Amino acid sequence: MKAALLAVTALAAGLCARAQASDLGDWSLDPYTAELSDAELTVGGLAQGTLFSASEPDNASPPWASGAATLTASLKRDYDSGMMLGLKTAFEVAHDRYSGDNYGSDLVQKVYGVAQTGLGRLEIGMTDGAAYALSVTGPVVDDATSLDNPNVTFFRDPSTGRAFVNLFTLNSAVESSYNYAKFSYYTPRLFGLELGVSYTPSQGKDVIPFLSGGPRVANRPHSIWESAASYSDTFGRLSLGFYAALAVGHDAAPTPGHAGLTDWGVGGEADYSLNDDMKLSFGGAYRQSNAYALEDDDVLKGHQTDSAHLSATLTDGAWIIGGEVGDGTAQGTPKLGVRGYEASFGYVFNANLQATAGWQQLRYSRDIGTFFNGAPRIDMDAVFFHLKLHV
């Protein structure tokens, strides 16, 4: 592990220094745009790949690389009245077992319509709910490799061949409605305050709400209501942001010991500009849900799952250095606990490209049974180098 850490750090530092010397920041990629009658079409995407070295007990063939790619497209039309109508989509065209999205890694991530006026914004279709869209969970060097709701993980469960964190993934942002088809409304931001509300009739992913009741499984949630408030403002060199959210839902097919959904969270972040190039950021979030291990199909009566996140970053020009701590507890059978630590640094080449290198540790525990290592506790470490291209 020490040798891998030194190798990853040297590789990342060398690539960033070489890029800085060769002025890679002078180039950029713009999304494809085209005029279609009175509307504008925009096509972009995201591609990311990771090299990593993981240390796990009793894992003879751990993975060493991962990647994913997403294609995005939007169509919008602006009117003289100030109204905007649009259609936005996102498709995950490639992924593996260790990289993916927040929505089950289906091909279709998002398809939704948008209507923006001076009175606010209305969204209809497969997209994030108001609670997740307005969330503030603390600064990170790279959201894809963060401890909190990551899009890439480094640890394998040899008993299943899948990502180990699927057992219980830290996520301090309220995300009960995922990308199920829904209605959402957001107010204009006035005096720093924005409000949002969403209604998700079911777990349907057929774009149009009420078109599908979702999968016919026990304890599936339906009629999920979300409300959220976000505040942000700047006071000289100091910028502050806060959010609070609540989601509630009914159990469409309850079994004994299960109940309707209650999921709430709060979070905040403070950014302070030390000078024109340097910025110090600190923040965190806390979430509590009665969904076991944050799985919305397993909402338990009288039990709760907690997920907390604390983080800080220092930005100096194109460089970012940061640290994170995550902690979670899932009450149930078994009772699960997870504690995570991460230290990373990144280099932003330009608006499109960022490289991140770091170290991550996860510690899982359970009160009943054992993990694949034959013990009720398991410690895992990894070093990684992540490259992300966004257009």
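Data overview
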{"read-out": "Verdict on residue 306 being over 30 Å from residue 271 (Cβ atoms), modelled with pLDDT of 95 or more and part of a strand (DSSP E or B)", "value": "no"}
{"read-out": "Residue 241 vs. criteria farther than 15 Å from residue 126 by Cβ and in contact with a Ser or Thr (Cβ under 7 Å, 6 or more places away or on another chain)", "value": "yes"}
{"read-out": "Pair list, Cβ under 6 Å, 6 or more apart: the stretch 172-191 residue outside any loop (DSSP other than H, G, I, E, B), other residue modelled with pLDDT of 95 or more and among the hydrophobic types (A, V, I, L, M, F, W, C)", "value": "181/126; 183/124; 184/130; 185/122; 185/197"}
{"read-out": "Positions within the stretch 147-171 being touching a residue at least 60 places away in the same chain (Cβ under 8 Å), surrounded by fewer than 22 Cβ atoms within 10 Å (Cβ to Cβ) and in a helix (DSSP H, G or I), in sequence order", "value": "165, 167"}
{"read-out": "Scan of the stretch 342-370 for residues that are at negative phi, without any contact (Cβ under 8 Å) to a residue 40 or more places away in the chain and not in a strand (DSSP E or B), ordered by number", "value": "367, 368, 370"}
{"read-out": "Near pairs, Cβ below 6 angstrom, 6+ apart or cross-chain, from the stretch 40-53 (part of a strand (DSSP E or B)) to any residue that is of a type in the set (D, E, K, R)", "value": "40/76; 48/388"}
{"read-out": "The lone exception for residue 190 - which of (1) of a type in the set (A, V, I, L, M); (2) under 30 Å from residue 54 (Cα atoms); (3) over 23 Å from the mean Cα position of the chain (by Cα) it fails", "value": "(2)"}
{"read-out": "Criterion: within 21 Å of residue 86 (Cβ to Cβ) and surrounded by fewer than 21 Cβ atoms within 10 Å (Cβ to Cβ) - qualifying residue of 119, 193", "value": "119"}
{"read-out": "Among the residues listed as 327, 316, 298, 381, the single one being farther than 21 Å from residue 99 by Cβ and touching a Ser or Thr at 6+ places or on another chain (Cβ under 8 Å)", "value": "327"}
{"read-out": "Some residue of the stretch 131-146 being of a type in the set (D, E, K, R), surrounded by fewer than 17 Cβ atoms within 10 Å (Cβ to Cβ) and closer than 21 Å to residue 353 by Cα", "value": "yes"}
{"read-out": "Those residues of the stretch 58-116 which are crowded, with 16+ Cβ neighbours inside 10 Å, aromatic (Phe, Trp, Tyr) and under 30 Å from residue 383 (Cα atoms), in sequence order", "value": "91, 98, 103"}
{"read-out": "The one condition in (1) assigned to a loop (DSSP other than H, G, I, E, B); (2) at pLDDT 90 or above; (3) touching a strand residue (DSSP E or B) at 6+ places or on another chain (Cβ under 8 Å) that residue 198 fails to fulfil", "value": "(1)"}
{"read-out": "Test: residue in the stretch 349-366 that is surrounded by fewer than 21 Cβ atoms within 10 Å (Cβ to Cβ) and touching a Pro at 6+ places or on another chain (Cβ under 7 Å)", "value": "yes"}
{"read-out": "Lone qualifier among 367, 296, 306 - being more than 22 Å from residue 378 (Cα to Cα) and not small (Gly, Ala, Ser)", "value": "296"}
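The values are calculated or read from the model by the stated rules, or taken from the named source; none is laboratory data. Model, not experiment: these values are computed from the prediction. Here the Cβ is made from the backbone with ideal geometry for all residues, glycine too, and neighbour counts use every protein chain on show.
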